[in-house]
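Peer 1: Attaching a single structure in structure tokens format; questions to follow.
The values are calculated or read from the model by the stated rules, or taken from the named source; none is laboratory data. The shown structure was predicted, so the numbers you read here are calculated from the model rather than taken from an experiment. Reconstructed Cβ throughout: ideal geometry from the backbone, glycine too, with neighbour counts over all protein chains shown.
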Amino acid sequence: MELTAELAQTAFIQPETAITDELNREKSTDRQTIGTPVIENPRMTCRNVEVFYGDKRAINNISIDVGREEVLAMIGPSGCGKSTFLRCLNRMNDTIPICRVRGEICLDGTDIYHSSVDIVPLRARVGMVFQKPNPFPKSIYDNVAYGPKIHGLTTSRQDLDTIVEDSLTKAGLWEEVRDRLHEPGTGLSGGQQQRLCIARAIAVSPEVILMDEPCSALDPIATAKVEELIAELRAQFSIVIVTHSMQQAARVSQRTAYFHLGDLVEVGQTEQIFTNPGHRLTEDYITGRFG
């Protein structure tokens with residue numbers, strides 16, 4: 001994207017402290033998100049979400065929808081709150097004693113923070129793939145079979161075999177491991193381990209898959225395979241991905257959300273965000289002025 005004349009001039013003459021002061025003046029804990037945070041027929045809806053670590057507020061009054069059959073990318077500087085918000089979507093923040101979440105997050109119309117919601121089946125419906133591959137110290141087969149077993153999704157070994165094969169196939173890993181299913185999952189390469197973790201997540205038939213920088217520890221070839229996989233999985237699942245790579249966000253997502261200092265600044269179609277952002281903060285980040 002070409003810089004505007006004003007931006008091209010100021011980007012190179014303003015000292016860093018002046019830029020920081022300007023951004024801080026623009027910040028408001030009640031910032032109105034611009035763009036399209038709300039969409040028709042969403043899979044998940046988030047309204048007025050706030051997150052606190054003790055007395056410190058990390059997320060400021062965020063509202064956004066997650067669409068069906070879409071990849072939603074969350075971008076922004078380190079510490080802006082995007083990973084914290086991602087973990088809210090399947091209550092992973094419940095594991096942090098000082099963390100409090102306010103607001104409403106609904107999956108198919110049901111508030112996932114309601115006292116009647118069991119987090120075990122919730123985390124099957126909203127799976128998570130972490131930054132570093134974390135296969136269980138089990139065989140490749142048992143890594144994928146673990147979820148269906150504990151959730152009672154199968155009644156026979158034949159059914160379990162089918163789920164394992166289907167999940168590994170969807171993860172683009174079946175042809176590479178079909179002859180060594182009973183070898184340790186930890187013996188795979190980094191990229192294969194990450195695809196194994198994706199196979200493990202989809203084995204329980206989730207509705208949403210959360211990915212927290214899933215390619216940050218992978219080489220370019222493994223990253224390309226995971227990105228191809230994400231594009232294929234979008235036809236069956238809603239995917240929310242946190243990434244520091246704007247190139248990756250541009251390649252894999254349909255909508256992009258830009259976070260800054262705990263605020264959701266802008267949400268829109270990915271092409272629009274990267275070619276014609278509507279907010280100065282979004283443009284500054286994308287053009288490399290700060291971040």
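Peer 1: Note down all Cβ pairs under 7 Å where the first residue falls in the stretch 242-257 and is in contact (Cβ under 8 Å) with a residue 60 or more places away in the chain and in a strand (DSSP E or B), the second is surrounded by fewer than 23 Cβ atoms within 10 Å (Cβ to Cβ) and among the charged types (D, E, K, R), and they're at least six residues apart or on different chains.
Peer 2: Close Cβ pairs satisfying both conditions: Val242/Asp212; Val242/Glu213; Arg255/Glu70.
Peer 1: Within the stretch 206-221, can you find the residues that are without any contact (Cβ under 8 Å) to a residue 60 or more places away in the chain and farther than 13 Å from Arg251 by Cβ?
Peer 2: Matches in the stretch 206-221: Leu218, Asp219, Ile221.
Peer 1: Please enumerate the residues belonging to the stretch 109-138 that are among the charged types (D, E, K, R) and loosely packed, with under 15 Cβ neighbours inside 10 Å.
Peer 2: Asp118, Lys132
Peer 1: Which numbered condition trips up Ile230, out of (1) among the hydrophobic types (A, V, I, L, M, F, W, C); (2) out of contact with any strand residue (DSSP E or B) (no Cβ under 8 Å at 6 or more places or on another chain); (3) assigned to a helix (DSSP H, G or I)?
Peer 2: The single condition Ile230 does not satisfy is (2).
Peer 1: Something else about it: Given the structure, is Ala224 more than 18 Å from Gly147 (Cβ to Cβ), free of Cβ contacts under 8 Å to residues at least 40 places away in the same chain and either surrounded by fewer than 16 Cβ atoms within 10 Å (Cβ to Cβ) or of a type outside the set (Ser, Thr, Tyr) (or both)?
Peer 2: It is true that Ala224 is more than 18 Å from Gly147 (Cβ to Cβ), free of Cβ contacts under 8 Å to residues at least 40 places away in the same chain and either surrounded by fewer than 16 Cβ atoms within 10 Å (Cβ to Cβ) or of a type outside the set (Ser, Thr, Tyr) (or both).
Peer 1: Restricting the first residue to the stretch 49-69 and requiring it to be touching a residue at least 40 places away in the same chain (Cβ under 8 Å), which pairs with a second residue that is charged (D, E, K, R) and part of a strand (DSSP E or B) meet a Cβ separation below 6 Å and a spacing of at least six or different chains?
Peer 2: Correct list of pairs: Glu50/Arg102; Phe52/Arg100; Ile59/Glu50; Asn60/Asp263; Asn61/Glu50; Ser63/Arg47.
Peer 1: Give the residue, chosen from Arg102, Arg91, that is modelled with pLDDT of 95 or more, more than 22 Å from Ile241 (Cβ to Cβ) and of a type outside the set (Gly, Ala, Ser). Let's see the steps before the verdict.
Peer 2: Details: Arg91 fails: more than 22 Å from Ile241 (Cβ to Cβ).
On inspection, the qualifying residue turns out to be Arg102.
Peer 1: I need the full set of residues from the stretch 30-71 which are in contact with a Gly (Cβ under 8 Å, 6 or more places away or on another chain) and outside any strand (DSSP E or B), in order please.
Peer 2: Scanning the stretch 30-71 gives Thr36, Ile39, Asn41, Pro42, Arg43.
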